[in-house]
Amino acid sequence: MPDTKPLLPALPCGLYESLMTEVLQEKIRSSGAYLTEETAPDPAGIPRLLRVYLGELIEKALQAAADDAANDDEAIGETAAERQVSLANRLIRMLSDSTPAVTDDALLAIPPKELLSLQKKADPAHPIAEKRAALPRPSTSVTYATLITDSDRGSANLLHELKAEIQTADRIDLLVAFVRFSGIGPMLDELTAFCQAGKKLRVITTCFTGCTELAAIRRLQEIGGDIRIELNPGLTRLHAKAYIFHRDTGFSTAYIGSSNLTRVAVNSGREWNVKITKTELGDTFRQIASNFERYWESGSFTPYRGTKEDDAAVEAALSDAGSLSKGKPLKLSMKFDIEPYEHQKQILEKLESERALGFRKNLVVAATGTGKTLIAAFDFRNYRRHFVSEKGREPHLLFIAHRREILEQSQFAFAAVLGKPEFGDLLVNGRKPEDESVLFASVQSLNRDLVARFPTDYYDYIVIDEFHHAAADSYQAILGHFRPDILLGLTATPERMDGKDILQYFDHGISAEIRLPQAIEDGLLCPFQYYVVYDPVSLENVTWRNGRYDSNALTELYTEGRAAGLRNNVILKALEKQVGDLNSMKCLAFCASVSHARAMAALFNEAGISSEVIDGTTPDGIRSSAASDLETGKLKALMTVDVFNEGVDIPCINTVLFLRPTESLTVFLQQLGRGLRKYGDQKDCLTVLDFVGQANARYNFEERFRALLSVTTGGTVKQIQTGFPGLPSGCVIEIEKRAQAVILENIRQFFGRGESRMQSLIRNFESDSGEALTLQNFLRFYRLTAKSFYIQAKRSFARCSADAGKREDFPLTDFELSANKALAKGWWADIDSPELIRQIRLLLSTPDLRMEVETESDRERRLTEMFAELLRSGQKDTADPVSRIEELRENPVIASELLDLLTISEHSRNAVPVICDPAPDGIPFETGCTYTRNQILIAMDRLCTWREGVKYFKNRKADVFLITINKSESDFTSSTRYEDYAINDREFHWQSQSQTRSTSETADRYFHHEERGSRVFLFVRERRTDPETKSAMSYTCLGEAVYVSHQGSAPINIVWRLKTPLSSHLLQICQASR
């Protein structure tokens, strides 16, 4: 009989990440006994893979050389070490013959010697060698990684290691949650000497749980340390401990582990710490250093300078940390300046962009707890600054809400942000204000007669909180009378249950929105653990009308028959499994109808889970009482039908049940948001149970999961299949296998069989939304970007609509087929430069195109060519720009869609672009705007071959840097993401090619570009290839930069200072770490 035994008996099955050898590949193939998962290596990661692979081979060869030397009687006088070094030198010569990156300078001395330290002589000319004391060094290596624990008797003592590291470091960065005097005391002499030598000590810490001691922070600052501390205990999530020692020699080290800067942690506690060395784990060390830099520049940590005001702020924060641990709410402080968080900055920049377009009625949508009122206060502060400068008086402010508590909190928030303790007056509950120019008023107090007393333009800036209430009659007199310069609406719930449209007051659009993932990442909302449980009740045959299920049919299925009983058992078992302690549960359950809610309350009560029903007819007093009973634990669950979707704040909720399918994504996020409020330290996460069974083919699971992702790389289906790696920090989604199969099949059905996803959505749009089919309405309703639409549709919206039978057909031309290629690559959707948009509109509307082009200025000519470049069918298309634009004008349907797309693009900007070079013949770049490589070349005057990341344009006396932030196509890698990144909104770290030396002519041009009249422009993209188009990504302009400093050679690390600060959105893209 033939031998069927596998050829690879010694090769264990499991996970690998190694390069395939020729022999291994052949053995696996000929064996036929193994299933393999293989992929082409990421080009950016190949050097690292080869380094690991060759390193193992070289180590084996060197050990064999030592063994050979020991057994070779003819090797007289040659030690094992000398033979090993000789072999290494042969390898070095072979490399130097193959690449200029390695030279004979790398050859090792024989006999081998290890350099342990280098010190300058006091008198270099002295002929007699000086004797100097050996430099103190840690007992562990500065070359190899080490684990330091208390349980290993042979292990080093962490305190001893840190004291020795301090004495030979050139810079020190410490990142610890706690700093206590007992921790710094034993190393205070070394730290003091370090700072007195003029070296930099930076410390990041927190007031978390109140453990940090002010005396310790003060002493570190007094000896010369630069200290930054997190003063908001409600947002503190820093638990990291890192001691980082930078050395100019390259032998830098870092200790990462469990030890805070306390006596027990560094000297006697049961702690584990790993010592990382830059020489062995360079990528990891750079990752550590870059993350520290990101924290340092983030603005989340406040500088401590040792002033009385600083002491008071720290003491207040430490006291607040104690209050927080007891579940008491925190209050804003006026003891230090209040600045917006990154997500708030993005909202403010988006508002500024909208107003630059002339839209001064703005709706901000943000989940409860994300600081909507503070956003309004920051926005008013910005508005006031410009207003006072232009008008010479203070702007009149009217802030409207429906409850006294909200008004008082809002007044205090504005006062804290503006630094004015006595800011504004209240009009509420019969209270009469002394000054009406800054008024915080309840809607009930602003009756029609009172409103009529004011001139229509009396208030320059009006804020209406909880704007979803504004559709009520009580608000109509206010909205109908006043004509403010700015109207700002704030809401967490833009979709009202009664169907009334609040977007009509804001030109039918939302100006800015805080996504839940960002708010969770920023620590403003608590993370969630989301469990998707298989539901035995099928909804495939339930009537579907106007984009939703028939509620009566749902109620019947959920409350009657055997299937309902099975479902109820599934719900109770899932609660017991995932919630654990039902006694501490504070649950909000969303039901299909009042009857369903009553049935579920009866089920829970029978199971010993005290529950009540709240519906639209429940009096306010009973609602408030029920919410209070939930908080105290008297009730464990509230069953509701949409009541708690909007405007209700019960922070104690720690469990949300979706006992019915929620068709609207907006409503789903509103409902989920009810449970995401933070609640002191009594709620570390929200538990969500979602019950999913067979669904109508039109039910959209994909958008629901996509809305919960921080990183959407690879698409939603891949995220589902791989366990959601793109969720916000601390969040989990677990889907039962049967439920996952249902969801994936539904996504496939939802996007159609044998037809494009977008065409299917277009066909169903009007019945799903009740709106007219336009590109803008379509994108807004399905929460799609224009780029995402075109990438997936691979043709125009008009053509998709015609193919779906939703508009009259029109002739298909060669130009349209060509334009489809540009659309599918996302090029047209990327047009966002205001200057380029103005030029395109002119070119498409001018009666005589050729006459217009012939009279263009040099700058306008380049803009025209940059536009025409996006109309070309490919590299071989050499038609002149006018011919290409004329072809577009001859296709009026496509031209009209492009104009619509430009309007959408204007409203999609994250910040106001700044012209880099306003001169008439200047280079037409704008910060924050997107350009293809060829458009950049045209702007610099010529198309040419450009393969490197940097090009010098001699005629323009300008270097253009094209920078890819993540050079690896892998989603998560540590080897290529820490070379080029934004240090802060003003400074950018860039690394040259590996062969560029600091003494080269190119480097000299970089270092001295300002004095020689040369300029530098930076462009960035997140990665080389767009994960959706699979084609090259375009670049975003960061603007002009100037040289600040550099380190190293071959490669050179340069810090550039940007002339225009990065927007918060761009800063997030350019940061080295997620």
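The values are calculated or read from the model by the stated rules, or taken from the named source; none is laboratory data. Source: prediction; values computed, not measured. Cβ sites come from the backbone with ideal geometry, for glycine too, and all protein chains shown count toward neighbours.
Note on the range 816-887: enclosed helices (runs of 4 or more DSSP H) holding 1 or more residues that are crowded, with 22+ Cβ neighbours inside 10 Å are 834-845, 858-869.
The residues of the range 151-195 that are without any contact (Cβ under 8 Å) to a residue 24 or more places away in the chain and outside any helix (DSSP H, G or I), listed by number, are D152, R153, G154, S155, A156.
Among the residues of the range 791-809, are any of a type outside the set (A, V, I, L, M, F, W, C), under 27 Å from the mean Cα position of the chain (by Cα), within 26 Å of R704 (Cα to Cα) and part of a helix (DSSP H, G or I)? Break it down into steps so the answer makes sense when it comes.
Initial filter on the range 791-809 (of a type outside the set (A, V, I, L, M, F, W, C)): 792, 794-796, 799, 801, 803, 805-809.
Add one more test, that the residue is under 27 Å from the mean Cα position of the chain (by Cα), and what stays is 792.
Subset that is within 26 Å of R704 (Cα to Cα): 792.
Among the residues that remain, those that are also part of a helix (DSSP H, G or I) are: 792.
Yes, some residue in the range 791-809 is of a type outside the set (A, V, I, L, M, F, W, C), under 27 Å from the mean Cα position of the chain (by Cα), within 26 Å of R704 (Cα to Cα) and part of a helix (DSSP H, G or I).
Per-residue answers, yes or no, for (1) surrounded by fewer than 20 Cβ atoms within 10 Å (Cβ to Cβ); (2) assigned to a helix (DSSP H, G or I); (3) charged (D, E, K, R); (4) out of contact with any strand residue (DSSP E or B) (no Cβ under 7 Å at 6 or more places or on another chain):
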{"residue": "K275", "(1), (2), (3), (4)": "no, no, yes, no"}
{"residue": "T279", "(1), (2), (3), (4)": "yes, no, no, yes"}
{"residue": "N291", "(1), (2), (3), (4)": "yes, yes, no, yes"}
{"residue": "R294", "(1), (2), (3), (4)": "yes, yes, yes, yes"}
{"residue": "G299", "(1), (2), (3), (4)": "yes, no, no, yes"}
{"residue": "D310", "(1), (2), (3), (4)": "no, yes, yes, no"}
{"residue": "V314", "(1), (2), (3), (4)": "no, yes, no, no"}
{"residue": "L318", "(1), (2), (3), (4)": "no, yes, no, yes"}
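Going by the conditions given, is I406 among the hydrophobic types (A, V, I, L, M, F, W, C), buried (at least 16 other Cβ atoms within 10 Å of the Cβ) and at pLDDT 85 or above? Taking the combined requirement at face value, the residue satisfies it.
Can you work out which of the residues in the range 616-638 that are among the polar types (S, T, N, Q) and under 38 Å from the mean Cα position of the chain (by Cα) is surrounded by the most Cβ atoms within 10 Å (Cβ to Cβ)? Lay out the reasoning, then the answer.
So the first thing to find is which residues in the range 616-638 are among the polar types (S, T, N, Q), and the list is 617-618, 624-625, 628, 632.
Subset that is under 38 Å from the mean Cα position of the chain (by Cα): 624, 628, 632.
Values: S624: 11, S628: 13, T632: 9.
Per the stated criteria, the residue is S628.
Once the range 196-209 is narrowed to residues that are surrounded by fewer than 18 Cβ atoms within 10 Å (Cβ to Cβ) and in a helix (DSSP H, G or I), the residue that is modelled with the highest pLDDT is Q196. Filtering the range 85-133 down to residues that are part of a loop (DSSP other than H, G, I, E, B) and among the charged types (D, E, K, R), which residue is modelled with the lowest pLDDT? Of everything passing the filter in the range 85-133, E130 is modelled with the lowest pLDDT.
Please determine whether any residue of the range 541-555 is under 30 Å from S760 (Cβ atoms) and touching a Gly at 6+ places or on another chain (Cβ under 9 Å). Give the derivation first.
Within the range 541-555, the subset under 30 Å from S760 (Cβ atoms) is 541-555.
Next, only the ones that are touching a Gly at 6+ places or on another chain (Cβ under 9 Å) stay: 546-547.
For the range 541-555, residues under 30 Å from S760 (Cβ atoms) and touching a Gly at 6+ places or on another chain (Cβ under 9 Å): present.
Restricted to the range 363-384, and to residues there that are of a type outside the set (V, I, T), under 19 Å from S1064 (Cβ atoms) and at pLDDT below 95, the residue that is surrounded by the fewest Cβ atoms within 10 Å (Cβ to Cβ) is L374. Which one is surrounded by the most Cβ atoms within 10 Å (Cβ to Cβ), of the residues in the range 435-470 that are within 21 Å of A413 (Cβ to Cβ) and of a type in the set (D, E)? Per the criteria, the residue is D465.
Being in contact with a Leu (Cβ under 9 Å, 6 or more places away or on another chain) and modelled with pLDDT under 95 narrows it down to one residue among P881, P918; which is it? Give the derivation first.
Working: P918 fails: in contact with a Leu (Cβ under 9 Å, 6 or more places away or on another chain).
On inspection, the qualifying residue turns out to be P881.
Suppose the filter is at pLDDT below 90, under 24 Å from S141 (Cα atoms), out of contact with any His (no Cβ under 6 Å at 6 or more places or on another chain) and not polar (S, T, N, Q); does R29 pass it? If you could, list the steps in order and put the result at the bottom.
Details: at pLDDT below 90: yes; under 24 Å from S141 (Cα atoms): no; out of contact with any His (no Cβ under 6 Å at 6 or more places or on another chain): yes; not polar (S, T, N, Q): yes.
No; evaluated as a whole, the condition is false for this residue.
For residues that are farther than 22 Å from L689 by Cβ and assigned to a helix (DSSP H, G or I), scanning just the range 744-753, find the one that is modelled with the highest pLDDT. Give the derivation first.
Step one: list which residues in the range 744-753 are farther than 22 Å from L689 by Cβ, which gives 748-753.
Among the residues that remain, those that are also assigned to a helix (DSSP H, G or I) are: 748-750.
Working: R748: 84, Q749: 80, F750: 76.
Looking at residues that are farther than 22 Å from L689 by Cβ and assigned to a helix (DSSP H, G or I), I get R748.
Working carefully through the options H481, H468, find the one that is in contact with a strand residue (DSSP E or B) (Cβ under 7 Å, 6 or more places away or on another chain) and either of a type in the set (A, V, I, L, M, F, W, C) or assigned by TED's automatic domain parsing to the domain that holds R385 (or both). Unique residue meeting the criteria: H468.
The lone criterion from (1) under 30 Å from S767 (Cβ atoms); (2) in contact with a strand residue (DSSP E or B) (Cβ under 8 Å, 6 or more places away or on another chain) left unmet by G675 is number (1).
Residues are listed down the side, and each one gets a yes or a no for (1) under 30 Å from L572 (Cβ atoms); (2) polar (S, T, N, Q); (3) under 28 Å from the mean Cα position of the chain (by Cα):
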position: A441; (1), (2), (3): no, no, no
position: Q444; (1), (2), (3): no, yes, no
position: R453; (1), (2), (3): no, no, no
position: L503; (1), (2), (3): no, no, yes
position: C526; (1), (2), (3): yes, no, yes
position: V532; (1), (2), (3): yes, no, yes
position: V542; (1), (2), (3): yes, no, no
position: R545; (1), (2), (3): no, no, no
position: A553; (1), (2), (3): yes, no, no
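Taking first residues from the range 1031-1049 that are modelled with pLDDT under 95 and partners that are of a type in the set (D, E), the Cβ contacts under 9 Å between residues at least 6 apart in sequence or on separate chains come to A1032/D1026; M1033/E1022; M1033/D1026; S1034/D830; S1034/D1026; Q1047/D248.
Within the range 680-708, residues that are within 25 Å of A564 (Cα to Cα) sit with their Cβ atoms under 6 Å from residues that are of a type in the set (S, T, Y) and part of a loop (DSSP other than H, G, I, E, B), at 6+ positions apart or across chains, in these pairs: G693/S538; Q694/S538.
Restricting the range 754-771 to residues that are part of a loop (DSSP other than H, G, I, E, B) and touching a helix residue (DSSP H, G or I) at 6+ places or on another chain (Cβ under 9 Å), the residue that is modelled with the lowest pLDDT is E755.
Among residues of the range 9-30 that are among the small types (G, A, S), those with a beta-carbon under 7 Å from a residue that is part of a loop (DSSP other than H, G, I, E, B) at least six positions away or on a different chain give the pairs S30/L7.
Taking the listed residues V23, V52, the one that is under 34 Å from the mean Cα position of the chain (by Cα) and either part of a helix (DSSP H, G or I) or within 29 Å of D283 (Cα to Cα) (or both) is V52, with no other qualifying.
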